[in-house]
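J.: Below are the structure tokens for one structure; questions will follow.
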Amino acid sequence: MRVQVQQTGPNPGAHTTEHVDSLATVLDLIRTGAARTRPEIGRHSGLGRTVVTQRVNQLAACGLVEEGALGPSSGGRAPRELRFRARAGVILAAELGATSVGTGVTDLAGHVLAEREEPTDIAQGPEPVLERVENLFDELIAEVRATYPDEDLAVWGIGIGLPGPVEFATGRPSAPPIMPGWDGYPVRDRLATRFDAPVWVDNEVNTMALGELRAGSAKGQRDILYVKIGTGIGAGLVSGGQLHRGSQGCAGDIGHAAVADDQAVVCRCGNTGCLEAYAGGAALARDGLVAAREGRSPFLADVLATTGTIRAADISRAAQSGDRTSVELLTRAGRLIGSLLATLVSFYNPALVIIGGGVAGAGDLLLAAVRESVYRRSLPLATRELRITRSTLSDRAGLVGAAFMAIDELFAPERLAHWVDAGSPAGEPRLVDIPLSRRAAAR
């Protein structure tokens, strides 16, 4: 089988599948730091010395790899260490939440070079929100290029996380409950046209899970469950070291799983009994407002009198101050979430459950209630070595994960074959259309 290279470059033509696979293997070992010298690459990959030398030379000619200092010797001549040129290009990344937007520029190793976060309202619709994202990207690119004036920092790719279901194959939101006007909007096409680069769009919880897997507390793990508890509730699933999106890209939408039969509590999706309608940040704020108005919480009553509203963060502050009603609200939310997670833990048997999101970061009370429910209701074998922990990347997880989403897609063997001879995928937005058949089959 031959993979046709569509770009022109130093070595235009066609590569066999075996050539591309070995090239991608060598590049992955170098850029992840798993191997730093040619002998180490050979030991990790099983490739012969000649093949390793040829692939390293090709990657060096394309500007992706460079030689560094001498490495440790095992008895003969000390080998040269190899370094991935992480600043050969940059990745634009954005995480759009219900009430805030985080944007950043990273290098090709996922290190954040510059970032901005500011309040927003996703319900304003795609036009004003994405226009602001584009402007922030422009400002950040200018900032990074001023900081590194000697680097050719072309935009290689863009990763976007959205707070709702996304059809990953098209980069379009699909009936997102909290995003009026976004249904079917061509987010990917708009940004690809604006920045002339390939764009990948996913649910923000998936990008958070990927961020933890690549750079957070899940690094080195293969089976994890990431749960975001913010305005809404969602989960990202990593199986066998790969993010699992499902056939249409909506795997992990646990916020709209039914946890009660009460017809009086209507979720924003239009259904009743959803977990999000009882335990999400919006639900906590709603119940806290009722408690303040009824006089059941002096702390929240004071907040309401001062600010005119109640937020989920106010519930957390009140609970930490010993407010009994707020403690009950958070404990109840944690138990509801934990009961649903107990089913998922028994079904999927992850090694690690990571709890993130704005509500999850507000003290130990909710996390303790989640843990208690999971350990009490899950199968003993499923929880024997299970760890349930808070996100180490906090509100940066989605931004970092969005960058790694684009990086992983760019360096997939099928796509690498189409741009490696040119040395850069910049200016190739149609790379997203190349199918990743072998990886999809492995899932």
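J.: Which residues, counting only those in the range 173-206, are closer than 11 Å to Gly398 by Cα and touching a Phe, Trp or Tyr at 6+ places or on another chain (Cβ under 8 Å)? Walk me through it before giving the result.
T.: Within the range 173-206, the first condition is being closer than 11 Å to Gly398 by Cα, and the residues that meet it are 202-206.
Answer for the range 173-206, where residues must be closer than 11 Å to Gly398 by Cα and touching a Phe, Trp or Tyr at 6+ places or on another chain (Cβ under 8 Å): Asp202, Val205.
J.: Enumerate the pairs (first residue in the range 231-256 and in contact (Cβ under 8 Å) with a residue 12 or more places away in the chain and over 21 Å from Ala98 (Cβ atoms); second residue anywhere and assigned to a strand (DSSP E or B) and of a type outside the set (A, V, I, L, M)) with beta-carbon separation below 6 Å, excluding pairs fewer than 6 apart on the same chain, so at least 6 apart or on different chains.
T.: Every condition considered, the pairs that remain are Leu237/His244.
J.: Could you tell me which residue of the range 153-166 is nearest to Thr231 (Cα to Cα), considering only residues that are crowded, with 24+ Cβ neighbours inside 10 Å and either hydrophobic (A, V, I, L, M, F, W, C) or without any contact (Cβ under 8 Å) to a residue 12 or more places away in the chain (or both)?
T.: Out of the qualifying residues, it is Leu162.
J.: Follow-up. Just to verify a result, which residue in the range 105-123, among those that are within 26 Å of Arg268 (Cα to Cα) and free of Cβ contacts under 8 Å to residues at least 24 places away in the same chain, is surrounded by the fewest Cβ atoms within 10 Å (Cβ to Cβ)?
T.: Pro119
J.: When you look at Val420, is it of a type outside the set (Ser, Thr, Tyr) and modelled with pLDDT of 95 or more, yes or no?
T.: Working: of a type outside the set (Ser, Thr, Tyr): yes; modelled with pLDDT of 95 or more: no.
Against the criterion (of a type outside the set (Ser, Thr, Tyr) and modelled with pLDDT of 95 or more), Val420 does not qualify.
J.: Can you tell me which residue in the range 237-258 is surrounded by the most Cβ atoms within 10 Å (Cβ to Cβ), limited to those that are modelled with pLDDT of 90 or more and assigned to a loop (DSSP other than H, G, I, E, B)?
T.: It comes out as Arg245.
J.: Can you name the residue in the range 268-292 that is within 28 Å of Met405 (Cβ to Cβ) and hydrophobic (A, V, I, L, M, F, W, C) and, of all such residues, is surrounded by the most Cβ atoms within 10 Å (Cβ to Cβ)? Talk me through it step by step, then tell me what you get.
T.: First, pick out the residues of the range 268-292 that are within 28 Å of Met405 (Cβ to Cβ): 268-269, 274-276, 279-282.
In the following step, the residues that additionally are hydrophobic (A, V, I, L, M, F, W, C) were identified as 269, 274-275, 279, 282.
Values: Cys269: 17, Cys274: 26, Leu275: 25, Ala279: 28, Ala282: 19.
It comes out as Ala279.
J.: From Thr193, Thr170, grab the single residue that is assigned to a helix (DSSP H, G or I), farther than 22 Å from Gly281 by Cβ and polar (S, T, N, Q). Before you say what the answer is, go through the steps one by one.
T.: Values: Thr170 fails: assigned to a helix (DSSP H, G or I).
Checking each option against the conditions leaves just Thr193.
J.: Could you tell me whether any residue of the range 141-152 is buried (at least 23 other Cβ atoms within 10 Å of the Cβ) and under 15 Å from Leu191 (Cα atoms)?
T.: Residues of the range 141-152 buried (at least 23 other Cβ atoms within 10 Å of the Cβ): none.
Within the range 141-152, none of the residues are buried (at least 23 other Cβ atoms within 10 Å of the Cβ) and under 15 Å from Leu191 (Cα atoms).
J.: Given Ala368, Ala360, which one is within 28 Å of Asp314 (Cα to Cα), in the same structural domain as Arg286 (by TED's automatic domain parsing) and crowded, with 22+ Cβ neighbours inside 10 Å? Talk me through it step by step, then tell me what you get.
T.: Numbers: Ala368 fails: crowded, with 22+ Cβ neighbours inside 10 Å.
Answer to the check: Ala360.
J.: Pick out, from the range 319-392, the helices (runs of 4 or more DSSP H) lying fully within it that include 2 or more residues that are modelled with pLDDT of 90 or more and under 19 Å from Glu212 (Cα atoms). Steps first, please.
T.: Details: elements: 324-348, 365-377, 380-383.
In the range 319-392, 324-348 are the helices (runs of 4 or more DSSP H) which contain 2 or more residues that are modelled with pLDDT of 90 or more and under 19 Å from Glu212 (Cα atoms).
J.: Could you go through the range 397-412 and let me know if any residue there is in contact with a helix residue (DSSP H, G or I) (Cβ under 8 Å, 6 or more places away or on another chain), assigned to a loop (DSSP other than H, G, I, E, B) and closer than 23 Å to Gln221 by Cα.
T.: yes
J.: For the condition in a strand (DSSP E or B), at pLDDT below 95 and either surrounded by 23 or more Cβ atoms within 10 Å (Cβ to Cβ) or out of contact with any strand residue (DSSP E or B) (no Cβ under 6 Å at 6 or more places or on another chain) (or both), what is the one hit in Gly234, Gly220? Write out each step before concluding.
T.: Details: Gly220 fails: in a strand (DSSP E or B).
When all the criteria are applied, what remains is Gly234.
J.: Of all the residues that make up the range 167-186, how many are surrounded by fewer than 23 Cβ atoms within 10 Å (Cβ to Cβ) and touching a Leu at 6+ places or on another chain (Cβ under 9 Å)?
T.: Count: 3.
J.: Does any residue of the range 347-367 turn out to be touching an Asp or Glu at 6+ places or on another chain (Cβ under 7 Å) and of a type in the set (Phe, Trp, Tyr)?
T.: No, that holds for no residue.
J.: Just name the residue that is nearest to the chain's Cα centre (by Cα) out of those in the range 106-140 that are in a loop (DSSP other than H, G, I, E, B) and either closer than 10 Å to Ala94 by Cβ or not β-branched (Val, Ile, Thr) (or both). If you could, list the steps in order and put the result at the bottom.
T.: Here is the first cut: in the range 106-140, the ones in a loop (DSSP other than H, G, I, E, B) are 107-111, 120-121, 125.
Then keep just the ones that are either closer than 10 Å to Ala94 by Cβ or not β-branched (Val, Ile, Thr) (or both); that gives 107-111, 121, 125.
Details: Asp107: 16, Leu108: 15, Ala109: 14, Gly110: 11, His111: 14, Asp121: 20, Gly125: 22 Å.
The residue in question is Gly110.
The values are calculated or read from the model by the stated rules, or taken from the named source; none is laboratory data. Given the structure is predicted, the values throughout are model-derived calculations rather than measurements. Here the Cβ is made from the backbone with ideal geometry for all residues, glycine too, and neighbour counts use every protein chain on show.
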